[in-house]
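Please read the structure below before turning to the comments.
The values are calculated or read from the model by the stated rules, or taken from the named source; none is laboratory data. Predicted model only: the values in this text are computed from it and were never measured. A quick note on method: Cβ atoms are made from the backbone with ideal geometry, for glycine too, and the neighbour counts reach across all protein chains shown.
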Amino acid sequence: MAMHALANRGKLISVIGDEDTCVGFLLGGIGEINKNRHPNFMVVDKNTPVSEIEECFKRFVKRDDIDIILINQNIAELIRHAIDAHHAPVPAVLEIPSKDHPYDASKDSILRRAKGMFNPEDLVR
Amino acid sequence: MTAQNEDVPSEAVACELLDKIIVKQLHLMEEKMRCELNIESNIKNGSIHLAKSRYIMGQSSVSTTRLPTESSSDFSASTKCETIEEDGLKVMKVIENDAEDTVNPLRWFGVLVPQNMHKAKSIFQNTINYVVECVNVQMQLQTNLKLIEMLKQYINSEKVTAA
């Protein structure tokens, strides 16, 4: 039992991204297919429906064995409402750039939320 | 002034604390952008090696068709993350999973894979460290957001009472 607990320590890092992002991070060793045959990754291409991405994101959020969800920023843009609605610290949703789409800080959910705090009317009194 | 009132921080103290947290927040925002740029350069670098492997092995040899699917046999991730407490803060760190059912991802792409594939693997392994570093910064940003909100509410309520 102790050995089993030791082997199962740690939580997963999941990824929703384009082909190269998924292939790369899976090469890095984060990929897993659990006993119920549920993968912790999703490859998104130009034909993937937005509803499917959103459904997968919500599924990853509900899974208690996932601590980090990586999502390409251009894909995150498609399901922005779902990402903005996620406020819990765990699983942490991290928007990452891809080879075709450089990182844009103005689109990042967390940075936008943080910037929103610096409302001049609130700060200068 | 009663002893109970002395325990309650004054508006000035709360404002000072708010200033400190906001400065810290700005530093964290800068730190997050730095982490994201590190991730970006790593992903670009890794993608170049994947493209070179694709050139050597063929278009479909390095693609999603080689990745395991729901019908593949189950296996565990070799790299995971763990939450630990450091100086009263919850931080994540990368750990290697020593379970027996882990696989070598390079085997999905063949037995003899080009050197570029090995390079891409080590670059993406390194990227995971940057990812976890970025997540830690993001978690601190979220904690500070809650603190700022609470302090603002406190200062506003103090103002109302003073008026």
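Could you tell me whether any residue of segment B:29-41 is free of Cβ contacts under 8 Å to residues at least 40 places away in the same chain and closer than 18 Å to B:LYS121 by Cβ?
yes
Going by the structure shown, is B:LYS80 of a type in the set (Lys, Arg) and within 10 Å of another protein chain (Cβ to nearest Cβ)?
yes
Where in segment A:38-99 are the helices (runs of 4 or more DSSP H), entirely inside, with at least 3 residues that are surrounded by 20 or more Cβ atoms within 10 Å (Cβ to Cβ)?
Answer list for segment A:38-99: A:50-62, A:73-78.
Among the numbered conditions (1) surrounded by 15 or more Cβ atoms within 10 Å (Cβ to Cβ); (2) modelled with pLDDT of 90 or more; (3) more than 27 Å from A:SER109 (Cα to Cα); (4) touching a helix residue (DSSP H, G or I) at 6+ places or on another chain (Cβ under 9 Å), tell me where B:PHE75 comes up short.
(4)
Which number in (1) closer than 26 Å to B:LEU151 by Cβ; (2) touching a strand residue (DSSP E or B) at 6+ places or on another chain (Cβ under 7 Å) marks the one condition that B:VAL13 misses?
So the condition that B:VAL13 fails would be (2).
Looking at (1) part of a strand (DSSP E or B); (2) under 25 Å from B:GLN115 (Cα atoms), which is the only condition B:GLU85 fails?
With (1) part of a strand (DSSP E or B); (2) under 25 Å from B:GLN115 (Cα atoms) applied to B:GLU85, the lone miss is (2).
So that you can scan it fast, the table gives a plain yes or no per residue for (1) closer than 19 Å to A:ASP104 by Cα; (2) at the interface with chain A (Cβ under 7 Å from one of its Cβ atoms):
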residue	(1), (2)
B:LEU26	yes, no
B:GLU36	yes, yes
B:ASN42	yes, no
B:ASN45	yes, no
B:LYS52	no, no
B:SER61	no, no
B:LEU67	no, yes
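Taking A:ASP67 and the conditions (1) among the charged types (D, E, K, R); (2) under 20 Å from B:LYS44 (Cα atoms); (3) free of Cβ contacts under 8 Å to residues at least 60 places away in the same chain; (4) facing another protein chain (nearest Cβ under 7 Å), which numbered condition does it fall short on, given that it satisfies the others?
(2)
What residue, among those in segment B:83-95 that are at the interface with chain A (Cβ under 9 Å from one of its Cβ atoms) and over 21 Å from A:ILE33 (Cβ atoms), is surrounded by the most Cβ atoms within 10 Å (Cβ to Cβ)?
My answer is B:MET92.
Does at least one position in segment B:102-113 carry a residue that is part of a loop (DSSP other than H, G, I, E, B), touching a helix residue (DSSP H, G or I) at 6+ places or on another chain (Cβ under 7 Å) and buried (at least 16 other Cβ atoms within 10 Å of the Cβ)?
The answer is yes, given that some residue of segment B:102-113 is part of a loop (DSSP other than H, G, I, E, B), touching a helix residue (DSSP H, G or I) at 6+ places or on another chain (Cβ under 7 Å) and buried (at least 16 other Cβ atoms within 10 Å of the Cβ).
Going residue by residue through segment B:148-161, is there one that turns out to be part of a helix (DSSP H, G or I) and touching a strand residue (DSSP E or B) at 6+ places or on another chain (Cβ under 8 Å)?
Within segment B:148-161 (the criterion being part of a helix (DSSP H, G or I) and touching a strand residue (DSSP E or B) at 6+ places or on another chain (Cβ under 8 Å)), the answer is no, since none of the residues qualifies.
For B:ASP98, which of the numbered conditions (1) at the interface with chain A (Cβ under 9 Å from one of its Cβ atoms); (2) within 17 Å of A:CYS22 (Cα to Cα); (3) surrounded by fewer than 19 Cβ atoms within 10 Å (Cβ to Cβ) fails to hold?
It fails just one condition, (2).
Counting only residues that are in contact with a His (Cβ under 8 Å, 6 or more places away or on another chain) and without any contact (Cβ under 8 Å) to a residue 40 or more places away in the chain, how many does segment B:104-118 have?
Of the residues in segment B:104-118, 1 are in contact with a His (Cβ under 8 Å, 6 or more places away or on another chain) and without any contact (Cβ under 8 Å) to a residue 40 or more places away in the chain.
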